[in-house]
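Novice: Structure provided below as structure tokens; questions to follow.
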Amino acid sequence: MENTATIRKIYDSLATGWNTWDVRSVTAHVLLPQGLEVNLTFVLPRITAHVRDLAWGSVRRFGEHSVSGDFTDITLNIYDRDVRVRSAAQNDELLLLIEPLTPCSGLWVSVEVSSVWGKDVRIERDTGRILARVAGDVPKKNDGSSLASVREFIIDGLQAEHQPAWDPSRAPHLNYRLDTPVRVRVNSGRDTEEIDARIEEAERTWRASAIDADGDLGEGLAAMRRVLLWNTIYESRGRRVITPVSRNWCTSHSPLGDYVLFCWDTFFAALMLGLIDKRLAYANFFAMLEEATPEGMIPNTGAGSGKSASRSEPQVGAWCAWKLYLQHRERWFVEAIFEPLLAWNRWRERARDYRKNGLIGLGSDPFDNDNPDDRWKNTQAGTRQAAMFESGLDNSPMWDNLVFNEEKHCLEVEYVGGSALLAADCECLEKMARLLGREDEEKELRQRRRRIAAAINESLWHEPSGTYLNRDWQNQFSSRLSPTHLYPLLAGIVPEQRVRTMIREHLLNHERFLGEYMIPMISRDDPAFAEQNYWRGRIWAPTNFLVCEGLRRAGETEAVEIIVRQGLKLFLQNWRENGTVGENYNAMTGEAAEGNTVSDRFYHWGALMVYLAVQQQFDCQVWDDTVRNDPPPDGLSPLRNLPIEITVMENLNRGDLDNED
């Protein structure tokens with residue numbers, strides 16, 4: 001999409017001040033736009049060991065993190081020693097309090113000062129301090145020409161500096177023993193008491209402004225804030241502030257480069273960020289749309305190393321966008337995103353309706369470009385696994401026995417989930433078209449939605465099973481059951497009797513999906529369920545969210561309550577025990593990131609379990625364009641600091657779309 005002046009302004013408004021912008025380390029604080037970095041390296045000289053770039057393996061627990069970086073709090077585990085690092089920042093001033101929580105005899109902290117992202121920073125080492133000079137604001141003379149400007153930063157500590165027996169630091173740095181708390185200042189004259197008081201004040205200020213609640217919901221919201229904001233970074237080439245699924249994915253999966261945005265993951269992150277800071281929500285939405293291919297496809301992956309230009313992911317962008325619009329009521333946002341979302345919708349029908357019957361499949365199209373080393377085209381395009389990746393359910397048992405069509409580079413399947421999501425996508429884009437006065441596009445989308453809905457109901461409903469089922473190109477139904485078979489509820493196309501049958505026979509059936517932990521990604525009576533391997537039986541928050549959206553639309557509030565209650569319990573079990581926000585969860589034990597399981601321990605969409613609980617009292621309903629702000633149900637506390645604009649819809653007809661000509 002075009003990076004307009006408005007979008008650029010949002011990126012630039014976020015990319016300012018001290019924050020943990022550098023993806024490589026959670027203890028690196030960078031001042032933007034100047035590019036001055038203050039990073040903490042921990043050294044154990046007696047065994048010549050050190051940790052410079054701290055990622056998940058060094059984190060004991062994530063504490064609070066404000067949007068602007070005014071306050072951060074993190075507890076680290078360094079060589080079996082626990083260290084807490086808190087910060088407060090305001091304008092040029094940065095304060096760091098580094099506290100040993102367990103005996104840290106022999107452990108040192110080095111405060112390294114450097115420049116990042118090619119910025120011009122001059123650094124000098126002086127006795128007990130470091131002086132950094134950076135390019136400052138450039139004032140204009142009366143004739144319009146510029147004057148040179150330099151800003152100075154002094155970095156020092158309140159305690160005596162010492163030199164360890166072994167010093168691995170490469171940048172100018174200050175060394176301190178960690179047997180007592182260490183206080184570091186940047187451009188500050190505060191003493192010990194003033195530093196501690198300022199840090200406590202920064203935390204109070206942040207907590208007083210952020211969305212919150214008491215009790216279980218409050219704990220969940222704290223985790224949601226932290227997983228989103230600790231994973232927010234600066235992407236220097238595009239000069240964008242973005243929220244990858246996990247810093248770990250950027251740093252541990254080396255082929256991806258210095259950032260990674262997954263398609264549906266990022267749209268869900270934007271949805272959650274709408275409860276925290278709408279600028280961050282918009283920035284992530286725009287960043288994902290900017291990864292689009294010339295054909296209009298939003299790729300599965302956009303990364304520092306390129307993009308997966310052969311395949312997409314589940315079509316949830318317009319649904320998330322319309323929920324954000326209902327919450328914040330900013331028409332310009334819809335104007336900015338409509339064209340790229342419409343292009344993606346058209347691409348999906350054009351490229352993935354293989355049999356031209358309104359039903360969507362899964363594929364991966366080979367492509368070429370001028371880069372001979374592009375891993376995305378050389379190893380991941382046009383393959384069976386790449387087509388499976390497009391589903392978002394990378395190794396689902398649903399794909400096990402399907403034929404891969406070598407000529408069309410696709411799985412020979414008519415996919416219930418993908419078809420229903422495209423119908424729902426059409427509905428949301430219809431609403432946007434109507435809001436923007438785009439009558440031709442509104443009519444086009446309405447016709448497409450009706451065609452897909454009719455095809456799903458006529459071709460994919462399996463009466464003997466009492467549910468919708470995937471069908472292969474020989475018109476044979478697959479008996480493998482997944483929560484994606486409930487996605488027609490999301491699109492609002494399921495007759496009432498079928499709704500009751502699907503819920504009774506499958507969702508709330510102990511042999512299928514009902515259990516202490518819900519909703520597993522394959523039915524409990526499927527042979528693959530016991531594997532609990534990624535999408536083979538585990539629980540995933542995004543699919544819980546999509547199913548609950550459909551159930552709410554169908555008025556099945558009791559089923560929603562069961563899933564939400566169990567999901568929040570599952571989420572808090574892991575958060576309290578391990579500080580984990582799981583990429584996915586074991587459907588038998590409720591654990592996340594256990595053993596050698598493929599499950600990142602701090603993956604942002606895991607917090608959708610909390611977002612679902614928020615929806616029990618505050619929800620922007622796509623299907624009828626209403627905003628619910630109800631008293632909390634039993635067991636949940638009222639929300640505080642809810643960012644919402646309740647106004648009259650902008651000339652939007654709230655009637656049933658199907659009643660229109």
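The values are calculated or read from the model by the stated rules, or taken from the named source; none is laboratory data. Not measured: the values here are computed from a predicted model. Note that we place each Cβ from the backbone using ideal geometry, even for glycine, and neighbour counts take in every protein chain shown. The protein model used for the area step is the full one, side chains on, heavy atoms only, and it has no ligands, DNA or RNA in it. Shrake-Rupley method; radii C 1.70, N 1.55, O 1.52, S 1.80 Å.
Novice: Determine how many Å³ per residue the convex hull of the Cα atoms of the stretch 409-508 encloses. Please list the in-between numbers first.
Specialist: On the way: hull volume 11.2 nm³, N = 100.
Per residue, the Cα convex hull of the stretch 409-508 comes to 112 Å³.
Novice: While we're looking at this one, here's another question. Viscosity 1.567 mPa s, temperature 4 °C: Stokes-Einstein D of the stretch 279-374 from its Kirkwood Cα radius, in µm² per second? Please list the in-between numbers first.
Specialist: Working: Rh = 14.6 Å.
Translational diffusion coefficient: 89 µm²/s.
Novice: A follow-up question, please. Let's test the formula: R0 of 56 Å, r as the Cβ-Cβ distance of ARG151 and LEU436. What FRET efficiency results, to the nearest 0.05?
Specialist: Details: r = 44 Å, r/R0 = 0.79.
Given R0 = 56 Å and the Cβ-Cβ separation, E is 0.80.
Novice: Okay, moving on. If you fit an axis through the alpha-carbon atoms of helix 192-209 and take the longest principal axis of the Cα set of the chain, what angle between them do you get, 0 to 90°, nearest 10?
Specialist: 20
Novice: Which residues' amide hydrogens lie under 5 Å from the amide hydrogen of LEU362, considering only partners 5 or more residues apart or on another chain, with H built in the peptide plane?
Specialist: Answer set, sorted by chain and number: LEU411, VAL413.
Novice: If one computes the Cα centroid of the stretch 563-582 and of the stretch 419-492, what distance in Å separates the two points?
Specialist: So the separation of the two Cα centres works out to 32 Å.
Novice: Run the numbers for ARG450 and THR192: contour at 0.36 nm per residue of separation, minus the present Cα-Cα distance, in nm. Working shown, then result.
Specialist: Values: separation 258, 0.36 × 258 = 92.88 nm, distance 6.72 nm.
In short, 86.2 nm is gained.
Novice: Once the stretch 1-156 is represented by equal point scatterers at the alpha-carbon sites, with solvent omitted, what log10 I(q)/I(0) does the Debye formula produce at q = 0.12, 0.21 Å⁻¹?
Specialist: Here log10 of I(q) over I(0) equals -0.60, -1.43.
Novice: Long-range amide H contacts for PHE618: which residues qualify at under 5 Å (H placed 1.01 Å from N, peptide plane, sequence gap of 5 or more or a different chain)?
Specialist: For PHE618, the qualifying residues are ASP630.
Novice: Can you pull out the GluC sites (Glu not before Pro) in the stretch 423-526 whose DSSP state is coil and whose Cβ has at most 13 other Cβ atoms within 10 Å?
Specialist: Working: sites: GLU427, GLU430, GLU439, GLU441, GLU442, GLU444, GLU458, GLU496, GLU505, GLU511, GLU516; in loops: GLU511, GLU516.
Taking the stretch 423-526 and a limit of 13 other Cβ atoms within 10 Å, the loop GluC sites (Glu not before Pro) found are GLU511, GLU516.
Novice: Right, next: If we count every other residue with Cβ under 15 angstrom of GLU219's Cβ, Lys/Arg +1 and Asp/Glu -1, where does the sum land? All intermediate terms of the calculation are to be shown ahead of the outcome.
Specialist: On the way: positive: ARG61, ARG207, ARG225, ARG226, ARG565, LYS569, ARG576, ARG640; negative: GLU64, ASP212, ASP214, ASP216, GLU577.
Combined, the nearby Lys, Arg, Asp and Glu give +3.
Novice: Helix 331-352 against the longest principal axis of the chain: what's the angle in degrees, Cα atoms only, rounded to the nearest 10?
Specialist: 50
Novice: With +1 on the Cβ of every Lys and Arg and -1 on the Cβ of every Asp and Glu, and nothing else charged, how large is the dipole of the stretch 247-305 about its Cα centre, in debye rounded to the nearest 20? Don't skip to the end; give the middle numbers.
Specialist: Details: 3 positive and 6 negative charges, 43 e Å.
Using Cβ point charges on Lys, Arg, Asp and Glu, the stretch 247-305 gives about 200 debye.
Novice: Return the equivalent ellipsoid semi-axes of the stretch 58-122 as a descending list in whole Å, where each equals the square root of 5 times an eigenvalue of the C-alpha gyration tensor. Present the calculation step by step, with values, prior to reporting the outcome.
Specialist: Working: eigenvalues 116, 54, 23 Å².
Each semi-axis is the square root of five times an eigenvalue, giving 24, 17, 11 Å.
Novice: What list of whole percents do you get for P(r) of the stretch 139-239, with Cα-Cα distances grouped in 10 Å bins up to the one holding the largest distance?
Specialist: 10, 21, 27, 27, 12, 2, 0
Novice: Taking K and R as +1 and D and E as -1, what net charge do the other residues with C-beta under 11 Å from the C-beta of GLN617 add up to?
Specialist: Details: positive: ARG628; negative: ASP619, ASP630.
Around GLN617, the surrounding residues sum to -1.
Novice: Now for a separate question. Per 5 Å bin, what is the whole-percent P(r) computed from every C-alpha pair distance within the stretch 194-290?
Specialist: P(r) for the stretch 194-290, in whole percents per bin: 2, 12, 20, 21, 17, 13, 9, 4, 1, 0.
Novice: As an exercise, use a Förster radius of 35 Å and the Cβ-Cβ distance of ARG170 and ASN77 to find the FRET efficiency, rounded to the nearest 0.05.
Specialist: Working: r = 24 Å, r/R0 = 0.68.
My answer for the efficiency is 0.90.
Novice: For q = 0.21, 0.26 Å⁻¹, what log10 I(q)/I(0) does the stretch 6-50 give under the Debye formula with an equal point scatterer on each alpha carbon and no solvent?
Specialist: Here log10 of I(q) over I(0) equals -0.73, -0.89.
Novice: When the Cα centres of the stretch 286-303 and the stretch 157-211 are compared, how far apart do they sit, in Å?
Specialist: Spelled out, the Cα-based centre of one part sits 41 Å from the other.
Novice: What does the charge count around SER599 come to, taking other residues whose C-beta lies under 9 Å from its C-beta (Lys +1, Arg +1, Asp -1, Glu -1)?
Specialist: Numbers: positive: ARG538, ARG601; negative: GLU583, GLU591, GLU594, ASP600.
Counting the neighbours of SER599, the net charge comes to -2.
Novice: Would you mind listing how long the stretch 452-607 runs along its three principal axes, going by Cα atoms, in whole Å with the largest first?
Specialist: Extents along the principal axes, in whole Å: 47, 33, 26.
Novice: While we're here: If you take the charge dipole of the chain about its Cα centre, with +1 on Lys and Arg Cβ and -1 on Asp and Glu Cβ, which of ASN175, ASN509, THR543 is farthest toward its positive end?
Specialist: The one lying farthest along the dipole's positive direction is ASN175.
Novice: Taking amide hydrogens as modeled 1.01 Å from N in the peptide plane, which residues meet the under 5 Å criterion relative to TRP21, leaving out close sequence neighbours?
Specialist: VAL30
Novice: Starting from the stretch 291-390, pick out the chymotrypsin sites (Phe, Trp or Tyr not before Pro) whose DSSP state is loop and whose Cβ has at most 11 other Cβ atoms within 10 Å. Mind showing how you got there, number by number?
Specialist: On the way: sites: TRP319, TRP322, TYR325, TRP332, PHE333, PHE338, TRP344, TRP347, TYR354, PHE367, TRP376, PHE389; in loops: TYR354, PHE367.
The qualifying sites: there are none.
Novice: Next question, about the same structure. In Å, what Kirkwood hydrodynamic radius results for the stretch 261-322 from the alpha-carbon pair distances?
Specialist: Details: mean 1/r = 0.0866 Å⁻¹.
Evaluated over the stretch 261-322, this radius sits at 11.5 Å.
Novice: Determine the distance separating the Cα centre of the stretch 242-277 from the Cα centre of the stretch 24-52; give it in Å without decimals.
Specialist: Taking the Cα centre of the stretch 24-52 as reference, the centre of the stretch 242-277 is 22 Å away.
Novice: Same structure, new question: Just how large is the dipole of the stretch 59-143 about the Cα centre, in debye to the nearest 20, putting +1 at every Lys and Arg Cβ and -1 at every Asp and Glu Cβ?
Specialist: Dipole of the stretch 59-143, to the nearest 20 debye: 160 debye.
Novice: For LYS119, list the lysines whose Cα falls under 21 Å from its own Cα; do not include residues on the same chain fewer than 8 positions away.
Specialist: LYS119 reaches LYS9.
Novice: Each residue of the stretch 570-578 in turn: what ³J(HN,Hα) in whole Hz from Karplus with 6.51, -1.76, 1.60 and θ = phi - 60°, glycine and Pro shown as x?
Specialist: Here the 3J(HN,Hα) series is 4, 4, 5, 4, 6, 5, 5, 7, 10 Hz.
Novice: I'm a student and want to see the number: the projected area of the Cα convex hull of the chain, averaged over all directions, in nm².
Specialist: Average of the hull's projected areas for the chain equals 31.6 nm².
Novice: Oh, and also: Return the sequence-ordered ³J(HN,Hα) values of the stretch 4-13 in whole Hz as given by the Karplus equation 6.51 cos²θ - 1.76 cosθ + 1.60 applied to θ = phi - 60°, using x for Gly and Pro.
Specialist: Working through the residues one at a time gives 6, 4, 5, 5, 4, 5, 5, 4, 5, 5 Hz.
Novice: Just the accessible area per residue of the chain, please: how many Å² with a 1.4 Å probe?
Specialist: 37
Novice: Now, a different point. Could you give the length gained by full extension between ASP624 and ARG61, i.e. 0.36 nm per residue of separation minus their alpha carbon distance, to one decimal place? Display every interim value, and only then the final one.
Specialist: On the way: separation 563, 0.36 × 563 = 202.68 nm, distance 4.06 nm.
Separation in residues times 0.36 nm, less the Cα-Cα distance, equals 198.6 nm.
Novice: Each residue of the stretch 309-323 in turn: what ³J(HN,Hα) in whole Hz from Karplus with 6.51, -1.76, 1.60 and θ = phi - 60°, glycine and Pro shown as x?
Specialist: Couplings: 6, 9, 8, 10, 8, x, 7, 10, x, 5, 4, 5, 5, 5, 5 Hz.
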